[in-house]
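The block underneath contains the structure these notes are about, expressed in structure tokens.
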């Protein structure tokens, strides 16, 4: 106990299984006289020991490693395995309690000292799963392994973890392999930790993003912890996932890979192909399918006279109920089979349908011979096996399978009423049946002569229980059915007016389901008639045809009142029971979307069906684009339906929600995601093809790095689009126009298709085109770190923000991100992931490896607070500096530094747009940088989010240059006839609810150019709409940038009394006067945060060369013991 109170289904199944992991399986085949033997060779360890773990939250006793292992500089030969997913070298914990609460990061966590977490979570072995440990290999390179096989999580029984810890002799490396771990369990905060910690809590290494309080998931993942010299510290890096599973619980299933047909299970397996056939083997261990292999062109041959083989049988004698299994072993493969029977071994008759190498039947009535005829498929020659005799015996073995259910024609009776009991659903053989009776349901007596499936009698003297007993003929065993009670009533015949009592219902709220009606307190006598009635209003009643029994069962298809009319037949007098109302529960039985294939762009049609119809039903549909409608349902017999045509203005993923109402009362609702790419749109997606098969496997991720895609029409370049994960390109060419797409600027090499070009052709009468894919692989290069930062708002008491780090190459690069924040705030230990180190007004994150081969940028969330005694004054300017290092070796260091300049406000909107430059754009400058940030402020997960950014008519949409997207994102460029719109689509982003501030937001940052030739004073406006699933649109603020306003009269972002800069404007050199004892560094950045100069202040007057800078507005940031000071200057 805890201490705190649309492929075919089979084809899709095979694809998922065959691609779900990296473990290699090879298959060999050999042709024998009995068939082709297929053998799957799987990396397993045969010798395993079941752990003694069985209870929840406990440690094992001491477990021998089998060799000496050095961990954090100390040698160990034993360990203790914990039930919550870890092992510890603290041997004093053997047999002790294994703590499950996780409420702090790994470093310094006293519950995980001297421990390897793989991952540490709240497992619950009693609810499901197992644990094995073993030592394998040869000295001096043996391996100790602990495997947690599909262990269920506490309080989240549908979630489980499969993982393995490997300790390597001599190298002292530690591997943690995770086959499966979900992130959906809310128990214990959903927290889990993957990493290692020393015995004192002074050194720890966690896998990035997998320390408290991150919520994470993993599958087919492997991490290696390598010790430094002396073992005082470790580095962690991903390695190929190649699990070594225990042989215990290992199974192999075989399929025909062309048809998906199941062939059989076992390893090896014998098959009988008659034409070249491809087979696939799915290997399952720890109850997870984890590996696959395939073999092609397997066949046998059969010419001339085949070998008939020999018959084997499961029994040589059989009775009328015996199951007999015959098999022809050793016959020639690539042949057909026909089983035959004979009473005398002379005259043979074909057995209909018995045409496989095996034949199974039940029940024999006489001595019979059996044989199998084998016929070559090539040539038609045949031969037969020798016959085998199955002898008949009248003595059958006893089988007690099912006692059935006893039913009666009445539930009460008097002394003259005939009672009929029956049990016709039992399943026994070689056994007798005997009816029994009991006055108290405890003491039972056989009823003389009652030895058949039915028993009838007249004359009940008292309330009595009845049941059926089954006894084997051998007398060795027996079983009984459940009992039934017949209630005695003294009145054998009714007289006068009977009492109807009260009507009851087994359920009073039901939709197209069965409800049983009964009477309570009614007269019990013979000669009573029953008639059930129903009414809409409890006033006007009508008989229900055929409803003349008590109890009475009916299927409910509308809301009615029910009552029973009870009549004494001899007197013809009647009375009515009280009524009971059963409300019909309307619910949505099905929904679908039909796309109309025409060229009018009419949009899709949405259909919905209800399980019943009433004139007051209606369906309200939210289309996921901010629009909704409400329509009445039409009748179609006992069900109802509605359909509506809805046009969309842009392609992408939409969350649809439909609500069913009856009399304005909500009955049911359903949500689903619809992918719309209709209306002459070519969808193109970019994914990282890690296994090189030119197919987007489930384990492979979409690209997240900015990529330029060139678009040609009939060989002429017409556009270049900036994308990350994909784009929807709307065509304008006539039918027959050939469009081509090719990647022209990216970290990646387009290896799929092999030409590096995707082609699609506009076809007459076709508007829905299938998605086509670029498969990408890494190119060569050094590394190129880029850092982006977004303030979620600076308030009097706190500032929140998000930092995103990318590497534009696949080179795994150690990196450090430093945040220097305003001295108005203090660090309160709230950051995700947890910081590696901190100083006053400074936070540091250290990452062992950053690569572009990832599903999304590396995300950091920070939250700093102002002391309650010194809140940040509203209106103050605050400045944050974010730096990504190293610089040496970085391909482009201009994007390794960014500055956040914000104003302290009383409140802020988390769904906002911002622009740089913030107010004025120099007449010679064209570029602007927009940041759109969004946050789920609801109380449920937002599964799909998209942004509709309506551009100023003075901005060129084709100059779009995406810099960063926080998650998988598809881009659409749309013109609605009046304005240019960019749609940023984030399908499957799954933002957590508003309680998870570090997991509920996202952003996109992009550069775009204004059109040249615009006059000074022209305003550039921008405002975006953000859509969370099916909810109404959330509009951002509007940002305005003016071309050529008075740059010199703009206020500085911080008052300057002791700092001067001149001349301003500057042309070639800028002089900075600042106290060198107060300020130590000076940085020059442009309006979008790019760094152009960084130098130390060694004198009270410094000179900075700005001759090479382009004309525009720049910022001078001085940092030192007095905090940061920011001033603005203009370069001519």
* To do: Would you mind listing the strands (runs of 3 or more DSSP E) fully within the stretch 523-635 where at least 1 residues are more than 24 Å from residue 673 (Cα to Cα), at pLDDT 90 or above and not assigned by TED's automatic domain parsing to the domain that holds residue 730?
  => 528-535, 552-555, 560-568, 573-576, 580-584
* **Out of 665, 711, sole residue that is more than 27 Å from the chain's Cα centre (by Cα), surrounded by 16 or more Cβ atoms within 10 Å (Cβ to Cβ) and more than 20 Å from residue 966 (Cα to Cα)** => 711
* **Selected residue (criterion: nearest to residue 188 (Cα to Cα)) from residues of the stretch 87-101 that are touching a strand residue (DSSP E or B) at 6+ places or on another chain (Cβ under 7 Å) and at pLDDT below 90** => 98
* To do: Give the number of residues within the stretch 872-910 that are modelled with pLDDT under 85, assigned to a strand (DSSP E or B) and surrounded by 17 or more Cβ atoms within 10 Å (Cβ to Cβ).
  => 8
* Asked: Quick check, is residue 687 more than 23 Å from the chain's Cα centre (by Cα) and either in the same structural domain as residue 759 (by TED's automatic domain parsing) or more than 18 Å from residue 959 (Cβ to Cβ) (or both)?
  -> no
* Given the conditions (1) under 24 Å from the mean Cα position of the chain (by Cα); (2) more than 19 Å from residue 723 (Cα to Cα), report the number of the one that residue 984 does not fulfil. => (2)
* To do: Might you let me know whether the stretch 778-791 holds any residue that is under 19 Å from residue 914 (Cβ atoms) and at pLDDT below 90?
  => yes
* To do: At least 3 residues that are over 52 Å from the mean Cα position of the chain (by Cα), at pLDDT below 85 and surrounded by 13 or more Cβ atoms within 10 Å (Cβ to Cβ) in each: list the strands (runs of 3 or more DSSP E) lying fully within the stretch 392-491 that qualify.
  => none
* For the stretch 307-326, name all the residues that are outside any strand (DSSP E or B) and under 14 Å from residue 337 (Cβ atoms). => 307, 308, 309
* With the checklist (1) outside any loop (DSSP other than H, G, I, E, B); (2) surrounded by fewer than 17 Cβ atoms within 10 Å (Cβ to Cβ) in hand, flag the one item residue 255 doesn't pass. => (2)
* **Any chance residue 647 is outside the structural domain of residue 511 (by TED's automatic domain parsing) and either at positive phi or in a loop (DSSP other than H, G, I, E, B) (or both)** => yes
* Please determine, by comparing only the residues of the stretch 676-697 that are touching a strand residue (DSSP E or B) at 6+ places or on another chain (Cβ under 9 Å) and surrounded by fewer than 15 Cβ atoms within 10 Å (Cβ to Cβ), which one is nearest to residue 587 (Cα to Cα). => 695
* Structure fact -> Heads up, the strands (runs of 3 or more DSSP E) in the stretch 68-123 (entirely inside) with at least 1 residues that are in contact with a helix residue (DSSP H, G or I) (Cβ under 9 Å, 6 or more places away or on another chain) and surrounded by fewer than 19 Cβ atoms within 10 Å (Cβ to Cβ) are 74-82
* Is there a residue in the stretch 847-862 that is more than 30 Å from the chain's Cα centre (by Cα), in the same structural domain as residue 882 (by TED's automatic domain parsing), surrounded by 18 or more Cβ atoms within 10 Å (Cβ to Cβ) and part of a strand (DSSP E or B)? -> no
* To do: Please state which one of 808, 815, 750 is under 30 Å from residue 714 (Cβ atoms), buried (at least 16 other Cβ atoms within 10 Å of the Cβ) and within 31 Å of the chain's Cα centre (by Cα).
  => 750
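The values are calculated or read from the model by the stated rules, or taken from the named source; none is laboratory data. This one's a predicted model, so the numbers in the text were calculated from it and none came from an experiment. So basically every Cβ, Gly included, is an ideal-geometry build from the backbone, and we count neighbours across all protein chains shown.
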